[in-house]
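What follows is a short report on a single structure.
Nothing in this text is a laboratory measurement; each read-out follows from the coordinates by a stated rule. What you see is a predicted model, and the numbers here were worked out from it, not measured in a lab. Heads up, the Cβs are rebuilt from the backbone with ideal geometry, glycines too, and the neighbour counts pull from every protein chain shown.
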Amino acid sequence: MKKKLMMIPGPTPVDQSVLDALSKDTVSHLDPELVKTLKETLNDLKAVVMTEKGQPFIIPGTGTLGMEVAIVNSLKEGDRLLVISHGFFGDRFVEIALGYGIEVEVLASEWGKIVEVEKIAQKLKEKSFSAITVTHVDTSTGVCAPLEEVAEVIKRFSETLFIVDAVCATGGIEERMDDWGVDIVFAGNQKAISVPPGLANLVFSEKALERRNALGNISSYYMDINRWLSIMREPGSGYFATHAVNMVNALHQGLKNILEEGLEKRFNRHKRFALAFHAGLEELGFKLLAPKEIRANTVSTILYPAGIEDLSFREKLYQNGVLVSAGKGVLAGKLFRLGHMGSITENEVVATMSIIEKTLSEFNYDFELGSGIGAAEEILFKE
Ligand code: PMP
């Protein structure tokens, strides 16, 4: 079977250099070379989220582990958490926090929209919250939170820790941890970082580390960042839990690739690819769920025009060579989700547009062949 283009919002295609790193010999977590690699990886993670003061943690697990690590290390039973939810992954914070007896309030938007920043400001004025969570890009809705604006508001409430789920953004969209006063930011591996899934990558601010200490004993062992802290500060200095050594090598290479491309260049590339897809798909008669101003550069949610049925479209598209994802929850059947992040190339954008057109031509769908690709190319090649 021919290799398919993985245009899903994670896992994303992985560069050969990362696969090569992943397949290096499995060595001891105390091996001097591995220790050096972990040190560099921790530093590179800081560079990607633009922090000098932050304390990075790289922990075997997935993005969901990152969510839970953030929660259990910043709140205890009875503390108040404000969740800003723009979809499925925003809502996940609610489930996690309720499991720990945390008092949760939610400001949720309609799926495809965002919670207005003024509403967040109003809520924080009304009541005191120990922490607030914001999902940078909610992968279910393709919506990008206006993080910098939200940050300006949260800065005024020093008792509130600012937690950012950056799983679908880090490495593809700008995140300025120090400038924006983010207290905990975390990502997985498998989205815009373009590394196979398997690690939760977090950075804690000094304030977030102080909060952890103020909590005293917490109800988790593996997720307690204080148990990981000495190894993260001084890799090789001891043992807490055996690190996923091969994954560390892979992440090391993935982050090197990001920094070698250059953050600004990489963020611009993501923007260009997103705009090219949006223009091309709109030209073909698709509509996007998210309004222009809040569309993510990493994933798009694309509503079907009349006459195109979800499952048969995605199946035919897959047979033709492109894998996309289904809509989640209330959006199931109404749209497909297209991932365009990480190490994908211009050629893959063009090929995807072409295969979408081929697939549409196999339905009784009225459009001009080449028009979608043309609109995408206007952006890819001219801007
Ligand atoms: N947050 C967001 C925004 C996500 O997109 C995802 C995964 N799609 C997660 C959290 C959970 O990550 P994982 O599947 O790696 O546990």
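Here the Gaussian network model covers the chain, with springs between Cα atoms less than 10 Å apart; of ASN73, ASN257, ASN297, ASN257 fluctuates the most. What is the Cα centroid distance between region 226-267 and region 183-205, reported in whole angstrom? Answer, in whole Å: 10. From the square roots a ≥ b ≥ c of the eigenvalues of the alpha-carbon gyration tensor of region 82-121, which class results: rounded (a/c under 1.5), prolate (a/b over b/c), or oblate? It comes out oblate by the Cα gyration axes. Fewest-first ordering of ARG80, ARG337, ARG156, ARG176 by other beta carbons within 10 Å of each residue's beta carbon gives ARG156, ARG176, ARG80, ARG337. Length available on full extension from GLU77 to LYS2: 0.36 nm per residue minus the Cα-Cα distance, which gives 21.8 nm.
Between region 318-383 and region 8-26, the alpha-carbon centres lie 24 Å apart.
Distance from the Cα centroid of region 53-125 to that of region 134-169 is 10 Å (rounded to whole angstrom). In terms of its alpha-carbon gyration tensor, the chain comes out oblate; a/c meets the 1.5 threshold, while b/c is at least as large as a/b. Counting only residues at least eight positions apart within a chain, or on another chain, the aspartates and glutamates with an alpha carbon under 12 Å from that of LYS46 are GLU175, ASP178.
Couplings 3J(HN,Hα) for region 308-318, derived from phi with the Karplus relation 6.51 cos²θ - 1.76 cosθ + 1.60 (θ = phi - 60°), are 10, 9, 3, 5, 5, 5, 5, 5, 5, 4, 5 Hz, where x marks Gly and Pro. Put in order of Cβ neighbour count within 10 Å, fewest first, the listed residues MET232, MET67, MET341 become MET232, MET67, MET341. Listed cross-link partners LYS2/LYS191; LYS3/LYS39; LYS4/LYS287 are compared with a 29 Å cut-off, the Cα-Cα value being larger for LYS3/LYS39. Of CYS144, CYS168, the sequence from fewest to most neighbouring Cβ atoms within 10 angstrom is CYS144, CYS168. Each of ASN320, GLY372, ILE294 was scored by the projection of its Cα onto the charge dipole of region 284-383, and the greatest displacement toward the positive side belongs to ILE294; charges sit on the C-beta of Lys, Arg, Asp and Glu. Among beta bridges identified by DSSP and lying wholly in region 44-188, the antiparallel ones come to about 10 percent. Cross-link partners among aspartates and glutamates for LYS328, C-alpha distance below 20 Å, same-chain residues fewer than 8 apart left out? List returned: ASP91, GLU95, GLU110, ASP138, ASP165, GLU309, ASP310, GLU315.
For the chain, what is the percent of antiparallel DSSP beta bridges, rounded to the nearest 5?
Taking every DSSP beta bridge with both residues in the chain, the antiparallel ones total about 50 percent.
Label sites at ASP310 and VAL330, each approximated as a point 7 angstrom past Cα along Cα to Cβ, lie 1.4 nm apart. Just checking the listed ones, GLY181, GLY342, GLY171: in the Gaussian network model of the chain with Cα springs under 10 Å, the one fluctuating most is GLY181.
For region 1-143, the Cβ-based charge dipole about the Cα centre amounts to some 220 debye (Lys, Arg positive; Asp, Glu negative; other atoms uncharged). Among VAL185, VAL245, VAL330, the largest mean-square fluctuation in a Gaussian network model of the chain, built with springs joining Cα atoms closer than 10 Å, belongs to VAL330. Estimate the FRET efficiency between ASN217 and GLU293 by the formula 1/(1 + (r/R0)^6), using the beta-carbon distance for r and 41 Å for R0, to the nearest 0.05. Efficiency computed from Cβ-Cβ geometry: 0.35.
The mean sequence distance of close C-alpha pairs (under 8 Å, at least 6 residues apart), as a share of the length of the chain, puts its relative contact order at 24 percent. Amide H contacts of ALA244 (H built 1.01 Å from N, in plane; Pro and chain starts excluded): no residue 5 or more places away or on another chain comes under 5 Å.
With N the number of residues in region 184-269, Rg(Cα) / (2.2 N^0.38 Å) evaluates to 1.26. Between rounded, prolate and oblate, where does region 320-368 land on the alpha carbon gyration tensor, with a ≥ b ≥ c its root eigenvalues, rounded for a/c under 1.5, else prolate if a/b exceeds b/c? In terms of gyration-tensor shape, oblate. A simple charge model with +1 on the Cβ of Lys and Arg, -1 on the Cβ of Asp and Glu and nothing else charged puts the dipole of the chain at about 380 debye relative to its Cα centre. For LYS127, the lysines whose Cα comes closer than 16 Å to its Cα, not counting residues fewer than 8 places off in the same chain, are LYS119, LYS155.
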